[in-house]
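Here's the structure, in C-alpha cells; my notes come after.
The values are calculated or read from the model by the stated rules, or taken from the named source; none is laboratory data. Not measured: the values here are computed from a predicted model. Positions of Cβ are backbone-derived with ideal geometry, glycine not excepted, and every protein chain shown enters the neighbour counts. What goes into the accessible areas is simple: the full protein's heavy atoms, side chains included, and nothing from ligands, DNA or RNA. Shrake-Rupley method; radii C 1.70, N 1.55, O 1.52, S 1.80 Å.
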Amino acid sequence: MKTEIISFKLGLTSCYLIIGREIVMVDCGMPGKLKLFRKVLAKNKIDPSRIKLIVLTHSHFDHCGSARDIRELTGAKIAIH
C-alpha cells in the first residue's frame, strides 16, 4: 500500500495526515480550529474515524491547541514525547 501525506495549516502551524492502512495525524494546530479541520477532511474525503493516532511534536499552544477537539471527533489516541 502506498503512503500519502497531506499537509495543511491549522492556524500558524503545519499539520500532517499520514495516510496508509490507517491515518496518523502530526500536530493539531491552534485552539479553535476544529471547523477548519473538518473542511480539510471533507475536501480530502476522509472519514474522521480512520485517524487512529495523533502525534504532537511538542506542547506549545500552536501545535496542540485543538488536540482535545480533534481527539473527540476522531477517537484517536494522543502521543507526545
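Hey, among the residues in region 57-74 that are in contact with a strand residue (DSSP E or B) (Cβ under 8 Å, 6 or more places away or on another chain) and not hydroxyl-bearing (Ser, Thr, Tyr), which one's most open to solvent (accessible area, probe 1.4 Å)?
If we take residues in region 57-74 being in contact with a strand residue (DSSP E or B) (Cβ under 8 Å, 6 or more places away or on another chain) and not hydroxyl-bearing (Ser, Thr, Tyr), then Arg71 is most open to solvent (accessible area, probe 1.4 Å).
For region 7-22, does any single residue satisfy the condition of being modelled with pLDDT of 95 or more, assigned to a helix (DSSP H, G or I) and open to solvent by 30 Å² or more (accessible area, probe 1.4 Å)?
Within region 7-22, not a single residue is modelled with pLDDT of 95 or more, assigned to a helix (DSSP H, G or I) and open to solvent by 30 Å² or more (accessible area, probe 1.4 Å).
Quick check on my filter: what residues within region 33-56 are more than 12 Å from the chain's Cα centre (by Cα) and open to solvent by less than 70 Å² (accessible area, probe 1.4 Å)?
Matches in region 33-56: Asn44 only.
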